[in-house]
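Following: one structure in structure tokens, then a few remarks.
The values are calculated or read from the model by the stated rules, or taken from the named source; none is laboratory data. No experiment lies behind these values; they were computed from the predicted model shown. Ideal geometry is used to build each Cβ from the backbone, glycine not excepted, and the neighbour counts take in all protein chains shown. The protein model used for the area step is the full one, side chains on, heavy atoms only, and it has no ligands, DNA or RNA in it. Shrake-Rupley method; radii C 1.70, N 1.55, O 1.52, S 1.80 Å.
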There are 2 protein chains.
Amino acid sequence: MQAETLDRTFHALADPARRTMVGRLTLGPASVSELAAPLAMSLSAVVQHLAVLEEAGLVRSEKIGRVRTCRIEGARLRAAEDWLVRRRVEWERRLDRLGAFLDAEDGRQKKRRKR
Amino acid sequence: MQAETLDRTFHALADPARRTMVGRLTLGPASVSELAAPLAMSLSAVVQHLAVLEEAGLVRSEKIGRVRTCRIEGARLRAAEDWLVRRRVEWERRLDRLGAFLDAEDGRQKKRRKR
DNA sequence: CCTTCAGTTAAGTGACTACTTAAGTATTGG
DNA sequence: CCAATACTTAAGTAGTCACTTAACTGAAGG
């Protein structure tokens, strides 16, 4: 939950090519060429995107022979999700309190009208 | 769930100042100065961050008199959370399948050993 | 009124992004 | 062996980013 880690994670996810790569890796490990296949850019560009994902800790990879196999690393993705969930919960809690307050006000008004 | 919308959302969240602003707004509406208070930068810079958040649809604001009041808009935040949840679910499903497969293999090995 | 307040706008700067092409380096199938 | 494969590295470029300072607008408060 460190600021810099979230910076890198959200930055990594802010690119459609990188999200496509992450999406592919949720289905299972893949080589660099497999990750590149659906993307309309040079292999070189894909490698650079991969570097961003690895530096963010979203992906880990190992090279065997001439093939580099990549897989997702769940922790950072989970941390980003957690951050979003926490904000949403806080925000919903606030809406609930507001709703309860308005209901109470409404009740008071009706009471007043009854007199 | 359009790509460009997620681009903007994740990009907006990739900055610590903007995340601080969003965090503040989950607690309730705030003026620009209130958002700026905890940030070590000029008001002008804060206004520029606010513009990024508004263009991403994460925040909406209205000016009354000389005060601009900002509040969060939940939808886009929710969409980002959804994207992360979907990837995680996919990834966990894959791990489960893998686990089941390994368990089955393990069972087969034990059977073989029994003979 | 007129000054302070709350924000707005413009212009500039240095760093970073997302690519490209081009020229590598190991592997490996035939 | 040697050509194809699977990346890897380097260098360059146009565009974007996160600020800054400075000058400005329009609403209040005294």
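Output, in nm with one decimal and in ascending order, the distances from the B:ARG71 label point to the matching label points of the other copies (7 Å from Cα along Cα-to-Cβ).
Spelled out, the distances from B:ARG71's label point are 4.7 nm.
Step through the residues of region B:79-85 one at a time and calculate ³J(HN,Hα) from phi using the Karplus curve (6.51 cos²θ - 1.76 cosθ + 1.60, θ = phi - 60°), rounding each to whole Hz and writing x for Gly and Pro.
These are the phi-based 3J(HN,Hα) values: 4, 5, 4, 4, 4, 5, 4 Hz.
What figure, in Å² to the nearest 10, do you get for the accessible area of A:TRP83 with a 1.4 Å probe and non-protein molecules left out?
20
Work through the residues other than B:VAL89 whose Cβ is under 14 Å from its Cβ and net out their charges, Lys, Arg +1 and Asp, Glu -1.
Net charge around B:VAL89: +1.
For B:ASP82, place a label point 7 Å out from Cα along the Cα→Cβ vector, do the same in each other copy, and report the separations in nm, one decimal, smallest first.
Output for B:ASP82: 2.5 nm, nearest copy listed first.
Relative to the compact globular guide of 2.2 N^0.38 Å, what is the alpha carbon radius of gyration of chain A, as a ratio?
Its radius of gyration relative to the 2.2 N^0.38 Å reference: 1.73.
Please report the net charge: other residues with Cβ closer than 14 Å to the Cβ of A:GLY74, K and R +1, D and E -1.
That sum, taken over residues with Cβ under 14 Å, equals +3.
Defining a contact as two alpha carbons under 8 Å apart and six or more residues distant in sequence, what relative contact order in percent does region B:3-73 show?
37
Considering only the label points, 7 Å along Cα→Cβ from Cα, what distances in nm to one decimal separate B:ARG94 from the same position in each other copy, shortest first?
3.6
Before we go on, tell me the buried accessible area for the B/A pair, both chains summed, 1.4 Å probe, in Å² to the nearest 100.
Interface area, both chains combined: 2700 Å², rounded to the nearest 100.
If I compute solvent accessible area with a 1.4 Å probe over the protein chains, what percent of it on chain B is carbon and sulfur?
The nonpolar share, carbon plus sulfur, comes to 50 percent.
Search the structure for amide H atoms under 5 Å from the amide H of A:SER31, placed 1.01 Å from N in the peptide plane, and list their residues when 5 or more places away or on another chain.
The answer is A:CYS70.
Given the options A:GLY99, A:GLY74, A:GLY23, which has the most mean-square fluctuation in a GNM of chain A, springs set between C-alpha atoms less than 10 angstrom apart?
Checking each option, the largest mean-square fluctuation is seen for A:GLY99.
Near the amide H of B:VAL59, under 5 Å away, which other amide H atoms are found, from residues 5 or more places off or on another chain, if H is placed in the peptide plane?
Excluding prolines and chain starts, which carry no amide H, the hits are B:GLU54, B:GLU73.
May I ask you to give the average projected area over all directions of the convex hull of the Cα atoms of the protein assembly as shown, in nm² rounded to one decimal?
21.1
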